[in-house]
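Shown next, in structure tokens, is the structure this report addresses.
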Ligand code: HEM
């Protein structure tokens, strides 16, 4: 993400240079660049971009900002939050578009009917493939009903309880190394770096047992997913027609390709060894990890080993960045609202004293659940969600027709902070959902993983994140372990939350913010 910003300014810097040096030997290059920019402008001028996003051109709705594709995209890249805010303020019960014609924002009143549509009509995965712009090392295995999503739903999620103690072993072992604080002094650590380390180790424990502690594997997974997202962000400003050419020259696409090649070199021998043992050793017990689930599930669809590894790596795109950002945001909120620390610690201690870290213990951390959801409501990873492309024309209950190819989203942040939907929406109330769950008959509603018309940060209905239960476990384990072992604060005990920056509709927590840690006097008594 830093890469995008620094390269963007670099690109602008170069452009300025080119404009002011027309008499230099670079004039041929200048002319060529000028020609390309002009062609780019012409290509993006209101023309339909087939076969990608094109249905939005056939749907009449007000556009917030510039209509021209390239100007609209650039404007959305820089001012996404303000444009979405403006659109929602003016048209919240109607359709509007942002980023030129790219995104059609659908009002919440259509949620239920859209959420129940099958992917043959309304497809999240077509939108994901579109977002990763012909990056074959990612998109080749992303399809509706893809094996990785089926395996998350049917094999990984039911096994989360089995994984809890394994992940806890890793946290117990590595947390003191990742946070090398003492009882005497405050130790400052970059929040995102720490979150990245802790989240990825937990994911690896559940994805590839043999490599859970292999730092080279962890960095390969990080490289794959972070380059994938940077690539997506960079390409979004270009017209669809020139994306394949641009994509070819972007270092991010080489980064994804090389991480995938490396992952294959590390994992394919493990797959072969597992298969050999399964065949030859009657006492062999298959690991209960995601790699094994993909190997087993892949048999019936004739996946080769390379495809299995690619499915595994693609799942890092879902499991890595969004969970890392969510953990960092929760740590920031705890530093800004330290009054929640003691109640959350006491809740954790109370449930963990019964049986230690178990699935049930994590379920019983209801105040923590509520705190995480409030943190996500006010600092979600994206301001838009419910991301999908219409595959066949859809007629809505009032006769409105969404044309084939329309790329829709909903203004999820604006919905979750709308005073007509959520009382005192600007206030951070860490126990908001904990208190809502006390209402008659609502004790299982309002959870971090529960989606609803007012809570769309994991999607809803069929357009939904299958990894939300996994994320819930990872986050609760990481945050409670930190609270039980450390005092935390911002430098100088500041209560000022570092502001999020943005790129399009994506919210980015401040990359440089550090949190300070000091080992608690009672840490040893709270080690589970
Ligand atoms: C806090 C963390 C997470 C957030 C906020 C999040 C959010 C989302 C959202 C919003 C979507 C698309 C639905 C939409 O656009 O409305 C999605 C899809 C997806 N997520 Fe997550 N996610 C998280 C963690 C995870 C984890 C841990 C995994 C894997 C274990 C995962 C795997 C996926 C997959 C595979 C999809 C695509 C679903 C499909 O193919 O149908 N996510 N996620």
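No value in this document is a laboratory result; all are computed from the given coordinates. If you're wondering where the values come from, they're calculated on a predicted model, not measured in any experiment. Using ideal geometry, Cβ is built from the backbone for each residue, glycine included, and neighbour counts are taken over all protein chains shown.
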Discussion item. When a/c reaches 1.5 or more, the comparison of a/b and b/c decides; with that in mind, is the stretch 176-243 rounded, prolate or oblate per its Cα gyration tensor?
Written reply: oblate
Practice prompt. Round to a whole angstrom and tell me the spacing of the C-alpha centers of the stretch 496-516 and the stretch 55-124.
Written response: 25 Å
Worksheet, complete the sentence: So the angle from the long Cα axis of helix 321-336 to the longest Cα principal axis of the chain, reported in degrees to the nearest 10, equals 60 degrees
Worksheet item: Could the peptides 58-70, 325-337 be put in order, highest first, of the mean number of other beta-carbon atoms found within 10 Å of their residues?
Response: 325-337, 58-70
Worksheet, complete the sentence: For the stretch 210-292, one quarter of the surface area of the C-alpha convex hull, expressed in nm², comes to 6.9 nm²
Item to complete: Assuming a ≥ b ≥ c are the square roots of the Cα gyration tensor eigenvalues, decide whether the stretch 82-141 counts as rounded (a/c under 1.5), prolate (otherwise, with a/b larger than b/c) or oblate.
Response: oblate
Item to complete: Taking just the C-alpha trace of the chain, give me its Rg and Dmax in Å.
Response: 23.9, 78
Practice prompt. Kindly state, as a whole number, the per residue volume in cubic angstrom of the convex hull around the alpha carbon atoms of the stretch 447-502.
Written response: 134 Å³
Practice prompt. Measure nothing fancy, just the Cα-based angle from helix 251-280's long axis to the longest principal axis of the chain, in degrees from 0 to 90, nearest 10.
Written response: 40 degrees
Worksheet, complete the sentence: Quick calc of log₁₀ I(q)/I(0), the stretch 278-382, Debye, one scatterer on every Cα, no solvent, q values 0.15, 0.20, 0.21 1/Å, result -0.85, -1.03, -1.07
Discussion item. Treating the stretch 371-423 as a set of equal point scatterers at the Cα positions, no solvent, please give the Debye-formula log₁₀ I(q)/I(0) at q = 0.19, 0.27 Å⁻¹.
Written reply: -0.76, -0.99
Response to the item:
Longest principal axis of the chain (C-alpha) makes with the long axis of helix 305-319 (C-alpha) an angle, in degrees to the nearest 10, of 90 degrees
Discussion item. Please list the three semi-axes, largest first and in whole Å, of the ellipsoid equivalent to the stretch 119-166, using sqrt of 5 times the eigenvalues of its alpha carbon gyration tensor.
Written reply: 27, 13, 8
Worksheet item: Can you give the % of DSSP beta bridges in the chain that are antiparallel, to the nearest 5?
Response: 85 percent
Worksheet entry | Along principal axes, Cα extents of the stretch 250-319, largest first, whole Å | 49, 21, 20
Item to complete: Rank-order 406-418, 485-497 by packing density, defined as the average count of other C-beta atoms within 10 Å over each peptide's residues, highest first.
Response: 406-418, 485-497
Worksheet, complete the sentence: Treating every alpha carbon of the stretch 341-475 as one equal point scatterer without solvent, the Debye formula yields log10 I(q)/I(0) values at q = 0.09, 0.12, 0.20, 0.22 Å⁻¹ of -0.34, -0.56, -1.22, -1.38
Worksheet entry | Spacing of the two label points (7 Å from each Cα toward its C-beta) at residue 396 and residue 435, in nm | 3.4 nm
